[in-house]
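So the structure is just underneath, and the comments pick up after that.
The values are calculated or read from the model by the stated rules, or taken from the named source; none is laboratory data. Treat the numbers as computed from the prediction; the structure is a model and nothing was measured. Please note: Cβ atoms are built from the backbone with ideal geometry, for glycine as well, and neighbour counts cover all protein chains shown.
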Amino acid sequence: MRVKNEDFPISQVGPFALQALQDFSCANSIAQAPTVTKFPSHSRLSPPPLSSLKVNFDEATFKDIGKAGLGVVIRNGHGQVLASLSEQIHLPFSSDMVEALAAARATSFALEIGLSSFILEGNAQAVIKILNS
């Protein structure tokens, strides 16, 4: 509407929004809820030292729809969230790859927002072990 310089009647905003929501719901609905496979958490996440920032990452797989989710949260030493990110990607060929992609995305996100020093933490034990070595 903004580009065409056409008026949009305020009385039509509600019905238009409801129709857009219904269209979105129909386009994104599937017959059954997706099955989420969460990797077990064996370690307890801890806050960073007060002068540090911590970048936590996690992943989930949705085999029903062939997707994986990557999540990142950046917190300060007081536990306050400074930034967060979630992305959906096509499901890779292995769970180890999902873990590696989550760690890589967490690192790149931290660099994108200008962090030069941070603690990277996640539950992907194999990936963390490789990164530490």
Out of (1) modelled with pLDDT under 90; (2) surrounded by fewer than 19 Cβ atoms within 10 Å (Cβ to Cβ); (3) of a type outside the set (D, E), the one G122 does not meet is (2)
When segment 47-76 is checked residue by residue, the ones that are in contact (Cβ under 8 Å) with a residue 40 or more places away in the chain, under 14 Å from N123 (Cβ atoms) and among the hydroxyl-bearing types (S, T, Y) are none
Those residues of segment 85-106 which are under 13 Å from the mean Cα position of the chain (by Cα) and among the polar types (S, T, N, Q) amount to S86, Q88
Picked from segment 90-118 (must be touching a Leu at 6+ places or on another chain (Cβ under 7 Å) and surrounded by fewer than 16 Cβ atoms within 10 Å (Cβ to Cβ)), the residue nearest to S51 (Cα to Cα) is L115
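So that you can scan it fast, the table gives a plain yes or no per residue for (1) more than 17 Å from E112 (Cβ to Cβ); (2) touching a Pro at 6+ places or on another chain (Cβ under 7 Å):
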site: V55; (1), (2): no, no
site: E59; (1), (2): yes, no
site: G69; (1), (2): yes, no
site: V73; (1), (2): no, no
site: N76; (1), (2): yes, no
site: G79; (1), (2): yes, yes
site: L85; (1), (2): no, no
site: H90; (1), (2): yes, no
site: F93; (1), (2): yes, no
